[in-house]
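J.: Take this structure first; my questions come after.
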There are 2 protein chains.
Amino acid sequence: MLVVARPRSFDETRVLRAARDRFWSSGYAGTSVDEVAAATGLGKGSLYGAFGDKRSLFLRVFEDHSADLVDSVRQALEGPDASASERLKAHVGAVARATGNDITRRGCLVAKGTAELSADDPAVAASAQRTFDAIENLLASCIEAAQRHRDIDPSADPRQLASLLLAVLRGMEALGRAGKSKAGLIDIANTAVGLLPWVAH
Amino acid sequence: MLVVARPRSFDETRVLRAARDRFWSSGYAGTSVDEVAAATGLGKGSLYGAFGDKRSLFLRVFEDHSADLVDSVRQALEGPDASASERLKAHVGAVARATGNDITRRGCLVAKGTAELSADDPAVAASAQRTFDAIENLLASCIEAAQRHRDIDPSADPRQLASLLLAVLRGMEALGRAGKSKAGLIDIANTAVGLLPWVAH
DNA sequence: ACCATTCTGGACTAGTTAGTCAATAACTGG
DNA sequence: CCAGTTATTGACTAACTAGTCCAGAATGGT
């Protein structure tokens, strides 16, 4: 009974990546569907057929990218207690360096999409909130690991420290986009890390 | 020789405020010149005649608003050394509360405009950088005042603490837009303030 | 080979976009 | 009250917008 229909002729991952790059560079309102079609190589009919309207396509790209971001933070922060403090310092520094190295200044797609759309698209706002919550949880887990290893004062609230660090990370992103120098961003990272309640050894 | 011509019939400040509100709510690309004309009550010809093209109008609005922001931070942070630490704590807390109270979640126009346009408009990026530099300097001055009054450890580098606090402030803005609760934002503010190198009294 | 089904590409539509322009209004020094 | 200059308005244009539609193509089970 089931008859197989014509299969898709495009690689969904590649198409979504091309669409993401357009939205990332030009923003949601600043990117036309025709541009996305040209960048992906698909006809508009295929684009609409596969992903729905412009907003749905953006949301798909936004959520996929958010998941990638959380995964990369997880990779950076998860690991044994003994090296948790090193991973934490390294991650904050790595974000500072990556932000400072971003020649294009296009910044983070999650931040950009949230800035543009969260006020009038609850789905975007909710997705961004989940993303930042997930990153905050990863930071908190890493801090707890460092506390178990007695690198960070165990009496400190790991959730409070995590939410502060998340704010610092997002702040570095915002300042980097405005043109703050790489050295200035690294300075912020070092100051933030330095003020944490480390246990003297 | 000089003959006086027809004077403007609109209040420039009111017009710029109406234009600012449109850009603030809908972003640069998401706002049409027709919408701005309708919101200001001016015809398009007047708008173009008075402010130039869309980008010039946006830049004007953006820079005026940035100057207002710097002024308000100056008002909050300037004052005698004896109360500098209180002003610093109060300002960070006030930003957290204001961000948490922003029902519309439209956030800060400087952040939003920078996110949307800094990558392809050097004038926007330069303006944002000047704005953030000015705020950082105000924070540094307030920290120095608190150090003179021996509220903050005088051996700390006030510029480093200022740039960290600026990052925290911009981070709170970004997280607030994503939906972080008012209580969570206040928590971040308290944690950041609490980690500063206060002198015990 | 045929069929039911889905995929493809681009022509098409109706509405919107940024920016221009010409006719007219408002002003004051002379 | 006239002359010279600038302000105002909204109709106008050419290009672009999101989204639709359809004729044809690709598939694998029968």
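J.: Pick out the one residue from B:ALA145, B:ALA178, B:ALA174, B:ALA192 that is small (Gly, Ala, Ser), in contact (Cβ under 8 Å) with a residue 40 or more places away in the chain, within 20 Å of A:ALA125 (Cα to Cα) and surrounded by 22 or more Cβ atoms within 10 Å (Cβ to Cβ).
T.: B:ALA174
J.: Only one of these conditions is not met by B:ALA94: (1) modelled with pLDDT of 95 or more; (2) over 30 Å from B:LEU57 (Cα atoms); (3) more than 10 Å from chain A (Cβ to nearest Cβ); (4) more than 18 Å from the chain's Cα centre (by Cα). Which number is it?
T.: In the conditions (1) modelled with pLDDT of 95 or more; (2) over 30 Å from B:LEU57 (Cα atoms); (3) more than 10 Å from chain A (Cβ to nearest Cβ); (4) more than 18 Å from the chain's Cα centre (by Cα), B:ALA94 misses (4) alone.
J.: For region B:1-54, give me the residue count where each residue is among the acidic types (Asp, Glu) and within 13 Å of DNA strand C (Cβ to nearest atom).
T.: Counting residues in region B:1-54 that are among the acidic types (Asp, Glu) and within 13 Å of DNA strand C (Cβ to nearest atom) gives 3.
J.: Further question on the same structure: Please find, among A:SER56, A:SER32, the residue that is under 25 Å from the mean Cα position of the chain (by Cα), within 21 Å of B:ALA119 (Cβ to Cβ) and surrounded by fewer than 16 Cβ atoms within 10 Å (Cβ to Cβ).
T.: Going through A:SER56, A:SER32 in turn, the sole match is A:SER32.
J.: A:THR99 is checked against (1) farther than 30 Å from A:ALA146 by Cα; (2) under 17 Å from the mean Cα position of the chain (by Cα) and fails just one. What number does that condition carry?
T.: For A:THR99, the exception is condition (1).
J.: Looking at B:ALA5, B:ALA19, can you tell me which residue is of a type in the set (Gly, Ala, Ser) and in contact (Cβ under 8 Å) with a residue 24 or more places away in the chain?
T.: B:ALA19
J.: Within region B:34-79, which residues are within 14 Å of chain A (Cβ to nearest Cβ), over 30 Å from B:LEU139 (Cβ atoms) and in contact with a helix residue (DSSP H, G or I) (Cβ under 7 Å, 6 or more places away or on another chain)?
T.: Within region B:34-79, B:GLU35, B:LYS54 meet the criteria.
J.: In this structure, does B:ASP68 turn out to be among the acidic types (Asp, Glu) and surrounded by 17 or more Cβ atoms within 10 Å (Cβ to Cβ)?
T.: no
J.: Further question on the same structure: Can we say A:LYS182 is of a type in the set (Lys, Arg) and more than 10 Å from chain B (Cβ to nearest Cβ)?
T.: Criteria met by A:LYS182.
J.: Kindly evaluate B:LEU138 against the criterion of being within 7 Å of chain A (Cβ to nearest Cβ) and either aliphatic (A, V, I, L, M) or within 18 Å of the chain's Cα centre (by Cα) (or both).
T.: No; evaluated as a whole, the condition is false for this residue.
J.: Right, another one. For region A:188-201, enumerate the residues that are more than 19 Å from B:VAL92 (Cβ to Cβ) and assigned to a helix (DSSP H, G or I).
T.: A:ALA189, A:ASN190, A:VAL193
J.: For region B:1-35, which residues satisfy the criterion of being over 17 Å from B:ASP64 (Cα atoms), within 13 Å of DNA strand D (Cβ to nearest atom), at pLDDT 95 or above and of a type outside the set (Asp, Glu)?
T.: The answer is B:ALA29, B:GLY30, B:SER32, B:VAL33.
J.: From the list A:LEU42, A:LEU109, A:LEU47, exactly one residue is aliphatic (A, V, I, L, M), away from DNA strand D (no atom under 16 Å from the Cβ) and at pLDDT 95 or above. Which is it?
T.: A:LEU109
J.: What residue, of A:GLU78, A:GLU63, is acidic (Asp, Glu) and surrounded by fewer than 17 Cβ atoms within 10 Å (Cβ to Cβ)?
T.: Just a single option satisfies the conditions, and that option is A:GLU78.
J.: Let me ask another. Among the numbered criteria (1) closer than 18 Å to B:ALA192 by Cα; (2) touching a Ser or Thr at 6+ places or on another chain (Cβ under 8 Å), which single criterion is violated by A:GLY184?
T.: The single condition A:GLY184 does not satisfy is (1).
J.: Now for a different question. How many residues does region B:105-126 contain that are buried (at least 23 other Cβ atoms within 10 Å of the Cβ) and assigned to a helix (DSSP H, G or I)?
T.: Looking only at that region, the number is 8.
The values are calculated or read from the model by the stated rules, or taken from the named source; none is laboratory data. Because the structure is predicted, anything quoted here is derived from the model rather than measured. Cβ atoms come from the backbone with ideal geometry, glycine included; neighbour counts cover every protein chain shown.
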